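Visitor: Take this structure, written in structure tokens, and hold onto it; I'll ask about it next.
Just so you know, all these numbers are worked out from the coordinates, no wet-lab data involved. Given the structure is predicted, the values throughout are model-derived calculations rather than measurements. Here the Cβ positions follow ideal geometry from the backbone for every residue, glycine too, while neighbour counts run over all protein chains shown.
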């Protein structure tokens, strides 16, 4: 018994509608999965996204879930947290990078200076598309500003007292350069980690200089302390001397004024009766002088003479 075989065309005609249906469902499923998984993106805190629509970028700053059109739009996420890098040393090994750290000062001295730079992305679109490597550009800008500023200061300022103003000047210069280049990065801070001479001998000499400066500051502080302690006493002594001088002046002026008044009164009396006034003054003077004198009366039949010999007796060593 012979079984009749169906031609392939008949079989294909029978299964073709079913296969078309399966293909359609498969394509629809793929499209559904594609749209379901590629139409949404999540922005976390401390990050932003750049939504690129047919080559046109746009910043999306708000965190949360966002929609995008698959195959037409794509998203690049940008970390906006504060990042950092070192200049002059390797953070992993903490070893010095002499090609970055070695600099020359205004007074032609060499120093090794290490810096620590902190920055963040301020404009994600510019950070992605305005330049090829924005962080490398920032590092080159920082190195240029650092060498210019260090070269404008003497070695003493770099190693000791001028670190604060130097840091401020470098920061201002970097910010100005970033505004000119406009690469989407913002400088947060730059600090001097360490500054030292390139050799141990020079380093020891600068340590001695720093010690001497500290000793100088201590001596000045102690001198000011002694001055502040002694100055009130000296001012009080000056006030006391001035008060005593004023008192003595007033007393002597009063005495002189009284003597002048007495003399004027005596002169008025003298002008009224000169002879009587002379005799009165003579007797009053004798009353004061004679009780203190030792006298010898020489009566030789001529004029009686009174001799004050008390001073001679004292010089001779006894009284007679």
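Visitor: As an exercise: evaluate residue 270 against (1) touching a residue at least 24 places away in the same chain (Cβ under 8 Å); (2) over 30 Å from residue 108 (Cα atoms) and give the number of the one condition it does not meet.
Guide: Answer for residue 270: the failing condition is (1).
Visitor: Go through region 86-178 and tell me which helices (runs of 4 or more DSSP H), entirely inside it, have 3 or more residues that are surrounded by 15 or more Cβ atoms within 10 Å (Cβ to Cβ) and at negative phi.
Guide: Because the criterion is at least 3 residues that are surrounded by 15 or more Cβ atoms within 10 Å (Cβ to Cβ) and at negative phi, the helices (runs of 4 or more DSSP H) in region 86-178 that meet it are 124-129, 134-151.
Visitor: Which condition number does residue 188 fail, the rest of (1) within 30 Å of residue 213 (Cβ to Cβ); (2) in a strand (DSSP E or B); (3) under 20 Å from the mean Cα position of the chain (by Cα) being met?
Guide: Just one mismatch for residue 188, condition (1).
Visitor: Return the pairs, sorted by first residue and then second, in which the second residue is part of a helix (DSSP H, G or I), the first residue lies in region 151-171 and is over 18 Å from residue 109 (Cβ atoms), the beta carbons are less than 7 Å apart, and the residues are 6+ apart or on different chains.
Guide: From region 151-171, the pairs are 169/149; 170/145; 170/146; 170/149.
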